[in-house]
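Asker: Below you'll find the structure I mean.
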Amino acid sequence: MANDSSDLHSDFLVIGGGIAGLMFALKASAAGSVTVLTKAESAEANTNYAQGGIASVWSVDDSFDSHVNDTLIAGAGLCDRTAVETIVRDGPAVVRDLIELGTEFTRVSEHGEQEYDLGQEGGHSHRRVLHAHDFTGREIMRALGGEAARRSNIRVIENHVAVNLLIQPDPRGGRGTCWGAYALNKAAAKVSRFTAGATMLATGGAGKVYLYTTNPDIASGDGLAMAYRAGAPVANLEFFQFHPTCLYHPAAKSFLISEALRGEGAILTIPDGTPFMKRYHPDGELAPRDIVARAIDAEMKRLGLDCVYLDISHRDSDFVRRRFPNIYERCLSFGLDLTKQPIPVVPAAHYMCGGVVTDLRGRTSIKRLYAAGEVAMTGLHGANRLASNSLLEAAVMGRRAAADAVSAIENRTPPPEFRDWDAGSAVRSEERVLISQAWDEIRRLMWNYVGIIRSDLRLQRAARRINLLKEEIDSYYWAHFIDSDLIELRNLITVAELIVRCASMRKESRGLHYTLDYPDRDDVQTPRDTLIEG
Ligand code: FAD
Ligand code: SIN
C-alpha cells in the first residue's frame with residue numbers, strides 16, 4: 001500500500017476501494033495497470049461494515065424469477081426490469097468469483113455435506129443471503145484487498161481524496177471525456193493529477209448527509225458530487241433508505257443491528273414488550289425496509305419514545321452467539337446481552353438508492369467515466385432496495401464495467417494536458433468552526449426536514465437553508481486551501497441540494513419517499529425517474 005504520490009498515469013484509475021472498486025480493479029488488472037485511490041485507510045469503506053450478506057440465487061429450490069420478483073416488489077414499480085434480470089442472473093457467477101478470490105462464506109453441515117448457510121432477510125421469499133457470520137463485508141474486503149495487494153499491476157494509494165474529475169471539454173458542446181481526477185494527498189497537503197484511459201467512480205454512498213447514519217465517515221457523497229459537477233446526470237436521490245435498526249446507545253456510533261436478526265426471529269416491541277409490526281404489515285418484522293422504518297418512526301412519535309426494542313432473547317443463546325458473534329460482542333461491550341434482553345434500536349440513514357446514472361456496462365454519460373456500487377444508479381433498486389442486493393449490484397457492476405473499460409484503453413490514447421492544481425489566492429483556513437457548524441447544520445436539517453417523513457413545507461424550508469449554506473460554503477471553499485473536511489463539506493451540501501431537488505419533484509409517496517402532502521402513489525403524472533442533468 002503506497003501513501004505518497006505525485007502526478008501519476010495508469011491505464012485505469014479507480015476512485016474507491018470498496019467491493020465495487022476492488023472488483024473492477026481485479027478484473028481490469030488483466031488488461032493494464034490500475035491505480036486505486038482511497039480517501040482514508042483501505043478498511044474505511046461501507047463494504048467493510050456490511051453484516052447481513054450478499055443476495056444471490058443459490059439453493060435448488062430458489063429461482064431467478066423469484067429473486068427478480070422480490071426485487072421488483074421492494075422497488076415499488078420503479079425498478080428497471082432489464083437491470084434487475086441482468087444483475088440477478090449474474091449473481092451466482094459473481095459469488096463464485098468472490099469465493100475463488102478467497103472469500104470464506106459461512107458453511108453449515110447438511111446431511112453430512114458442507115453447504116453454504118443461506119440467511120433470510122426482509123422482502124426475500126427464499127433464504128438466499130450468503131454471509132460470513134455477521135461480518136460479511138469485512139471478510140470480502142480481506143479477500144479482495146489481499147488479492148489486490150498481491151497483484152503487481154494494482155497500486156492502492158490510501159489517504160488520497162479525489163477532488164474533481166479531469167474533464168476534456170467536447171468541442172461540439174457535448175458532455176466531454178474523463179481522463180482521471182485531481183486528488184489531495186492528505187499527509188503532504190498536495191493536489192496531484194491522476195490520469196488514466198478509463199476512470200471508475202466507486203466512492204460509495206452519502207449517509208453522512210444525515211445526522212444519524214449507519215455509514216462510516218467516508219460516506220460523504222464525493223463521487224456523486226464530482227460526477228454532477230462534471231456534467232453527468234444523476235437521478236432518484238429522494239430514495240434514501242433508512243435502516244430500521246441501528247443500536248440506540250450514547251457511546252455506540254452508527255452501529256447497525258443486522259436485519260438478519262429479524263430473519264432469525266427477532267421481534268420489534270415498544271418498551272412494555274408489546275410487538276407492533278403486524279399492525280403495519282402482514283409480513284411483520286420481515287416487511288420491506290421502508291415499511292418497517294416508517295412503522296418504528298410512527299410508534300416513536302405516537303408514544304413519544306426515544307427508541308423501540310429488538311428482542312431475540314427467545315432463541316437459543318448458543319445459536320445467537322454463533323450466528324451473530326460481532327453484534328453479540330459489540331452489544332455486550334455496551335452492557336447489553338442479546339441472549340438475555342431486548343436491545344434499544346432506532347432507524348438511521350443507510351443506503352443511497354439513486355445516484356449517477358449508468359447503463360449495464362457501468363458507463364456514465366461522460367466518455368471514459370464509469371460508475372459502480374452505491375454511487376451509481378443502474379435501475380436495480382427502484383424506489384427501495386431489497387436487503388443484501390447492494391453488495392450483489394456492486395460486485396456485478398464492478399465486473400461488468402471492467403469488461404467494458406478494457407476496450408476504452410485499447411489504443412492507449414494519451415490524455416490531453418491538464419494544468420497544475422491552481423490554489424489561486426487561497427489562504428490557510430483559520431476558522432474551523434465555520435466548517436464544523438455548516439456540517440452540523442446540513443446533517444440536522446436533512447434529518448428533520450428530509451428524513452423518513454417529508455412534506456412540501458419541510459422541503460421548501462430545507463431548500464432555502466441549503467441555498468444559503470451553499471453560498472457560504474462556496475465562497476469559503478474558493479478562499480481557502482483545501483483539506484479533506486472542506487472537500488467533504490462542499491460535496492455534502494451538493495448532495496443535500498440534489499436530494500431535496502429530487503424529493504421536491506416527486507409529488508407522490510412511493511417506496512422510500514413518503515410525503516404528508518401526497519400520501520398516495522401516482523402512476524400517471526409523477527415522472528418515473530427524478531432526473532437531474534449535470
Ligand atoms: P464503499 O464500500 O463505501 O467504498 C467506497 C470507497 O470510496 C472507499 O474506499 C472510500 O475511501 C472511497 N472514497 C470515497 N470518496 C472518495 C474520494 N473523494 N477520494 C478517494 N476515495 C474515495 N449491503 C448488502 O448488500 N448487504 C449487507 O449486509 C449490507 N450491510 C451493510 C451494513 C452497514 C453498516 C452499511 C453501512 C452498509 C451495508 N450494506 C449492505 C450496503 C453496502 O455495504 C454498500 O452499499 C456497499 O458496500 C457499497 O460498496 P461500494 O464499493 O460502492 O462503496
Ligand atoms: C443488514 O445486515 O441488515 C444490512 C443488509 C443490507 O443493508 O442490505
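The values are calculated or read from the model by the stated rules, or taken from the named source; none is laboratory data. Computed from a predicted structure; not experimentally measured. Neighbour counts are summed over all protein chains in view; Cβ atoms, including those assigned to glycine, are modelled from backbone coordinates with ideal geometry. Accessible surface areas use protein heavy atoms only, side chains included; no ligands, DNA or RNA. Shrake-Rupley method; radii C 1.70, N 1.55, O 1.52, S 1.80 Å.
Asker: Show me, for the stretch 199-213, the HN-Hα J-couplings you get by feeding each phi into the Karplus relation (A = 6.51, B = -1.76, C = 1.60, θ = phi - 60°), rounded to Hz, glycine and proline as x.
Answerer: Coupling constants for the stretch 199-213: 10, 10, 8, 9, 8, x, x, 9, x, 5, 6, 10, 4, 10, 8 Hz.
Asker: A follow-up question, please. Strictly greater than 17 Å: what percent of every Cα pair in the stretch 364-475 meets that? Can you show the working numbers first?
Answerer: Values: 4615 of 6216 pairs.
Of all Cα-Cα distances in the stretch 364-475, 74 percent exceed 17 Å.
Asker: Additional query: Mind checking which lysines have their Cα closer than 18 Å to the Cα of K253? Skip sequence neighbours fewer than 8 apart in that chain.
Answerer: K208
Asker: Taking all protein chains in place and a 1.4 Å probe, what share, in percent, of the accessible surface of the stretch 80-129 do carbon and sulfur account for?
Answerer: 39 percent
Asker: Quote to one decimal, in nm, the extra length available between L434 and L531 on full extension: 0.36 nm per residue of separation minus the C-alpha distance between them. Don't skip to the answer; put the middle values down first.
Answerer: On the way: separation 97, 0.36 × 97 = 34.92 nm, distance 3.21 nm.
Stretched fully, the L434-L531 segment lengthens by 31.7 nm.
Asker: Calculate the dipole size of the stretch 444-511 relative to its Cα centre from +1 charges on Lys and Arg beta carbons and -1 charges on Asp and Glu beta carbons; express the result in debye to the nearest 20.
Answerer: 560 debye
Asker: Compute the accessible area per residue over the stretch 1-77, keeping the other protein chains in place, probe 1.4 Å, unit Å².
Answerer: With the other protein chains kept in place, the stretch 1-77 gives 33 Å² per residue.
Asker: Could you sort Y116, Y212 by accessible area so the largest value comes first, with the probe set to 1.4 Å?
Answerer: So, going from the largest accessible area down, we get Y212, Y116.
Asker: Report P(r) for the stretch 131-277: all Cα-Cα distances, bin width 10 Å, range 0 to the bin holding the largest distance, values in whole percent.
Answerer: Distribution as computed: 8, 25, 31, 21, 9, 4, 0 percent.
Asker: Could you order W421, W478 so the one with the most accessible surface comes first? Probe is 1.4 Å. Mind showing how you got there, number by number?
Answerer: On the way: W421 75, W478 160 Å².
Accessible-area ranking of W421, W478, largest first: W478, W421.
Asker: Would you work out the Kirkwood radius for the chain? I mean one over the mean of 1/r across all pairs of different Cα atoms, in Å. Could you put the intermediate results ahead of the total?
Answerer: Numbers: mean 1/r = 0.0428 Å⁻¹.
Over the chain, the inverse of the mean reciprocal pair distance is 23.4 Å.
Asker: Under the rule of at least 5 residues apart or a separate chain, name every residue whose amide H is placed under 5 Å from the amide H of D134.
Answerer: Here N326 satisfy the definition.
Asker: Roll a 1.4 Å probe over the protein chains and send me the accessible area per residue for the stretch 113-207 in Å².
Answerer: Per-residue value: 36 Å².
Asker: For A162, enumerate residues with amide H under 5 Å from its amide H, sequence gap 5+ or separate chain, H modeled in the peptide plane.
Answerer: Counting only residues 5 or more places away or on other chains, the set is L184.
Asker: Calculate what fraction, in whole %, of the accessible area of the stretch 167-295 sits on carbon and sulfur atoms when a 1.4 Å probe is rolled over the protein chains.
Answerer: On the way: 2210 of 3910 Å².
Looking at the stretch 167-295 in its full context, I get 56 percent from C and S.
Asker: Still on this model: Rounded to the nearest whole Å³, what is the per residue volume of the convex hull around the Cα atoms of the stretch 193-307?
Answerer: Numbers: hull volume 18.3 nm³, N = 115.
Output value, Cα hull per residue: 160 Å³.
Asker: Keeping every protein chain in place, order R400, R127, R464, R454 by accessible area at 1.4 Å, biggest value first, i.e. largest first.
Answerer: From most accessible down to least: R464, R127, R400, R454.
Asker: Shifting gears a bit: Bin width 5 Å, alpha-carbon pairs only: give the P(r) of the stretch 93-133 as whole percents, running from 0 to the bin holding the largest distance.
Answerer: In whole percents, the pair-distance histogram is 6, 22, 24, 24, 18, 5, 0.
Asker: Mind jotting down a quarter of the surface of the convex hull over the alpha carbons of the stretch 37-92, in square nanometres, one decimal?
Answerer: Hull-based average projected area comes out at 5.6 nm².
Asker: Something else about it: State the percentage of accessible surface on the stretch 410-534 attributable to carbon and sulfur atoms; use a 1.4 Å probe and exclude ligands, DNA and RNA.
Answerer: 48 percent
Asker: Let me make sure I get this right: for the stretch 97-170, a, b and c are the square roots of the gyration tensor eigenvalues over alpha carbons, sorted descending. Under 1.5 in a/c it's rounded, otherwise prolate if a/b > b/c, else oblate. Which is it? It would help to have the intermediate numbers written out before the result.
Answerer: Working: a/c = 3.25, a/b = 1.93, b/c = 1.68.
Note, shape of the stretch 97-170 comes out prolate.
Asker: What residues qualify as long-range amide H neighbours of K190, i.e. H under 5 Å apart, gap of 5 or more or another chain, H built at 1.01 Å from N?
Answerer: N185
Asker: On to the next question. If you take the alpha carbon radius of gyration of the stretch 1-67 and divide it by 2.2 N^0.38 Å, what ratio comes out, to two decimals?
Answerer: Against the empirical 2.2 N^0.38 Å value, I get 1.51 for the stretch 1-67.
Asker: Next up: Quick check for you: with a 1.4 Å probe and neighbouring chains kept, what is the accessible area per residue of the stretch 316-405, in Å²?
Answerer: Accessible area per residue: 28 Å².
Asker: For the stretch 264-377, build the convex hull from the C-alpha positions and give me its volume per residue in Å³.
Answerer: 163 Å³
Asker: Can you give the Rg to Rh ratio of the stretch 176-248, both from alpha-carbon atoms, with Rh computed by the Kirkwood formula?
Answerer: On the way: Rg = 15.3 Å, Rh = 14.6 Å.
Using Cα coordinates only, the ratio equals 1.04.
Asker: Bin width 10 Å, alpha-carbon pairs only: give the P(r) of the stretch 235-275 as whole percents, running from 0 to the bin holding the largest distance.
Answerer: In order of increasing distance, the bins hold 23, 39, 30, 7, 0 percent.
Asker: Round to a whole angstrom and tell me the spacing of the C-alpha centers of the stretch 225-250 and the stretch 76-93.
Answerer: Here the answer is 21 Å between Cα centres.
Asker: Still on this structure, please answer the following. Can you give me the solvent accessible area of S317 with a 1.4 Å probe, rounded to the nearest 10 Å²?
Answerer: 40 Å²
Asker: Next question. If I take R0 = 45 Å and measure r between the Cβ atoms of S109 and R302 in this structure, what FRET efficiency does the formula 1/(1 + (r/R0)^6) give, to the nearest 0.05?
Answerer: 0.50
Asker: For the stretch 520-529, what does the Karplus curve 6.51 cos²θ - 1.76 cosθ + 1.60, with θ = phi - 60°, yield as ³J(HN,Hα) per residue in whole Hz, taken in order and with x for Gly and Pro?
Answerer: Calculated HN-Hα couplings, in order: 9, 7, 10, 8, 9, 9, 6, x, 4, 10 Hz.
Asker: Give the peptides 22-29, 515-522, 139-146 in descending order of average Cβ contacts within 10 Å, highest first.
Answerer: Ranked from most to least packed, the peptides come out as 22-29, 139-146, 515-522.
Asker: In addition: What percent do you get for the relative contact order of the chain when only Cα pairs under 8 Å and 6+ apart count?
Answerer: 21 percent
Asker: Okay, moving on. Accessible area of M377, 1.4 Å probe, to the nearest 10 Å²?
Answerer: For M377, the solvent-accessible surface is approximately 20 Å².
Asker: On to the next question. Not counting ligands, DNA or RNA, and with a 1.4 Å probe, what is E113's accessible surface area in Å² rounded to the nearest 10?
Answerer: Answer for E113: close to 110 Å² accessible.
Asker: Now for a different question. Rounded to the nearest 5, what is the percent of antiparallel bridges among the DSSP beta bridges in the chain?
Answerer: Just about 60 percent of them are antiparallel.
Asker: Treating only the Cβ atoms of Lys and Arg (+1) and Asp and Glu (-1) as charged, compute the dipole magnitude of the stretch 399-534 about its Cα centre; round to the nearest 20 debye.
Answerer: 500 debye
Asker: Shifting gears a bit: Rounded, prolate or oblate, given the Cα gyration tensor of the stretch 316-384, with a/c below 1.5 counting as rounded?
Answerer: prolate
Asker: About the Cα centre of the stretch 12-108, how large is the charge dipole given +1 on each Lys and Arg Cβ and -1 on each Asp and Glu Cβ? Please answer in debye to the nearest 20.
Answerer: 260 debye
Asker: Quick check of the Kirkwood formula: for the stretch 488-534, what is the inverse mean of 1/r over all pairs of different Cα atoms, in Å? Working shown, then result.
Answerer: Values: mean 1/r = 0.0852 Å⁻¹.
This gives a value of 11.7 Å.
Asker: While we're on this one: For the stretch 1-144, state the semi-axes of the equivalent ellipsoid (square roots of 5 times the eigenvalues of the alpha-carbon gyration tensor), sorted largest first and rounded to whole angstrom.
Answerer: 31, 19, 14
Asker: Cα gyration tensor of the stretch 134-185, axes a ≥ b ≥ c as square roots of the eigenvalues: rounded (a/c below 1.5), prolate (a/b > b/c) or oblate?
Answerer: Prolate, since a/c reaches 1.5 and a/b exceeds b/c.
Asker: Moving on to the next point. From the helices alone, meaning DSSP H stretches of at least four residues, give me the mean residue ellipticity at 222 nm for the chain, per-run term -39500 (n - 2.57), in deg cm²/dmol to the nearest 500.
Answerer: It lands at -11000 deg cm²/dmol.
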